[in-house]
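Here's the structure, in structure tokens; my notes come after.
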Amino acid sequence: MNKIKEYLNKRSEDLMVYKMPKNESLMDEIFAYDPRTLESSSSEDISKYAIGLAQFLIYFASQINKSKVLLMQKRKFLEVFIEQSEMAKGRLTKAEYKRKIIDSSEELQQVGIDIEALEQEIVMTENLERYYIELINCFKRELGRRENELKFARDERRL
């Protein structure tokens, strides 16, 4: 298990997986943005929001992937421990046997709680990437709309 952790830590460093900051103040500003003020918002602010969201999306995805890896590791730990258990199975079903082993150790109980929490975290954050991408695309479309309006106004002046 330690060799795998060392490998993953090295690869995450090599690939700069966790280097993107989350920039909370900018994210607070973006999520508090009132669309009714769109016309008075500068193009620079809208560009800043699109780039900030894209950076946050990288951070967000890396954290969710980290949770998924941690969930895999905890499940594997529990699975290996149960397979190596010396406890008498008797007439227990597989689920009952697993529950009996988990209940016999505080460490395994904590691993079970961690697994449940990670599973719920993954469900809670499922598909959020799509919503962030949609918001980024809205800001980009607004920038495109402004650029087209500017070109149209320039072309009209030439006529």
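Grab the other residues whose beta carbon is less than 13 angstrom from that of Phe56, score K and R as +1, D and E as -1, and report the net.
Counting the neighbours of Phe56, the net charge comes to -2.
If you wrap a convex hull around the C-alpha atoms of segment 13-131 and split its volume per residue, what is the figure in Å³? Walk me through the intermediate numbers first.
Working: hull volume 17.4 nm³, N = 119.
Here the figure is 146 Å³ per residue.
Label Glu106 and Asn9 with points 7 Å out from Cα along Cα→Cβ: what is the distance between them in nm?
2.6 nm
Give the order of Arg91, Arg146 when sorted by the count of other beta carbons within 10 angstrom, beginning with the fewest.
Values: Arg91 6, Arg146 15.
Listed from fewest to most nearby Cβ atoms, that is Arg91, Arg146.
Can you list the residues of segment 35-55 with backbone N under 18 Å from a point 7 Å past the Cα of Arg157, pointing along Cα to Cβ?
Within reach of a label on Arg157, which here means backbone N under 18 Å from a point 7 Å along Cα→Cβ, segment 35-55 contributes 43.
Which of Val111, Leu128, Leu159 sits closest to the plus end of the dipole of segment 92-159, meaning its Cα is farthest towards the positive end, when Lys and Arg get +1 and Asp and Glu get -1 on the C-beta?
So the residue furthest toward the plus end is Leu159.
If I take every Cα pair under 8 Å that is 6 or more residues apart in the chain, average their sequence separation and divide by the length, what percent do I get for the relative contact order? Intermediate results must be reported in sequence, preceding the final value.
Numbers: 74 pairs, mean separation 50.6, N = 159.
That works out to 32 percent.
Provide Arg11, Arg158 in ascending order of the number of other Cβ atoms located within 10 Å of each residue's Cβ, fewest first.
Arg158, Arg11
So if a site counts as exposed when it's one of the GluC sites (Glu not before Pro), its DSSP state isn't H, G, I, E or B, and it has at most 15 other Cβ atoms within 10 Å, what's the longest stretch of the chain without one?
Values: sites that count: Glu39, Glu86, Glu126.
Result for the longest clean stretch: 40-85.
Which of the aspartates and glutamates could a cross-linker bridge to Lys22, judged by Cα under 19 Å and excluding same-chain residues fewer than eight apart?
Those aspartates and glutamates meeting the cut-off are Glu13, Asp45, Glu121, Glu126, Glu129, Glu134.
Past 29 Å, Cα to Cα: identify those pairs from Lys10/Lys98; Lys68/Lys100; Lys68/Lys98, in the order given.
Distance filter (> 29 Å) returns Lys10/Lys98.
Pairwise over distinct Cα atoms, reciprocal of the mean inverse distance: report the Kirkwood radius of segment 12-71 in Å, one decimal place.
Hydrodynamic radius (Kirkwood, Cα pairs) of segment 12-71 is 13.0 Å.
Which order do Tyr59, Tyr7 fall in if you start with the one that has the fewest other Cβ atoms within 10 Å?
Numbers: Tyr59 16, Tyr7 10.
Neighbour counts put them in this order, fewest first: Tyr7, Tyr59.
About its Cα centre, what dipole magnitude does segment 80-159 give when the only charges are +1 on Lys and Arg Cβ and -1 on Asp and Glu Cβ, stated in debye to the nearest 20?
In debye, rounded to 20, segment 80-159 gives about 660.
Could you tell me how far the Cα centroid of segment 118-139 sits from the Cα centroid of segment 1-42, in Å?
Value for the Cα centre distance between the two parts: 13 Å.
Roughly what would the spin-label model give for Asn2 and Thr37, points 7 Å off Cα along C-beta, in nm?
Distance between label points: 5.4 nm.
Give me the number: length gained by fully extending Leu70 to Glu134, i.e. 0.36 nm times residue separation minus the C-alpha to C-alpha distance, one decimal in nm.
Working it through step by step, the gained length comes to 20.2 nm.
Nearest 20 debye, what's the magnitude of the dipole of segment 1-103 about its Cα centre given +1 on Lys and Arg Cβ and -1 on Asp and Glu Cβ?
I would put it at about 1060 debye.
Using the Cα centre of segment 43-134 as the reference point, and only Cβ charges (+1 on K/R, -1 on D/E), how large is the resulting charge dipole? Debye, rounded to the nearest 20.
In total the dipole reaches around 460 debye.
Rank Ser41, Tyr59, Asn9 by how far each Cα sits towards the positive end of the charge dipole of segment 1-73 (+1 on Lys, Arg Cβ; -1 on Asp, Glu Cβ) and give me just the farthest.
The residue sitting farthest along the positive end of the dipole is Asn9.
Readers should treat all values here as calculations from the given coordinates under stated rules, not as data from a laboratory. Just so it is clear, the model here is predicted, and its values are computed rather than measured. Because the Cβ atoms are built from the backbone with ideal geometry, glycine has one as well, and the counts that use them run over all protein chains shown.
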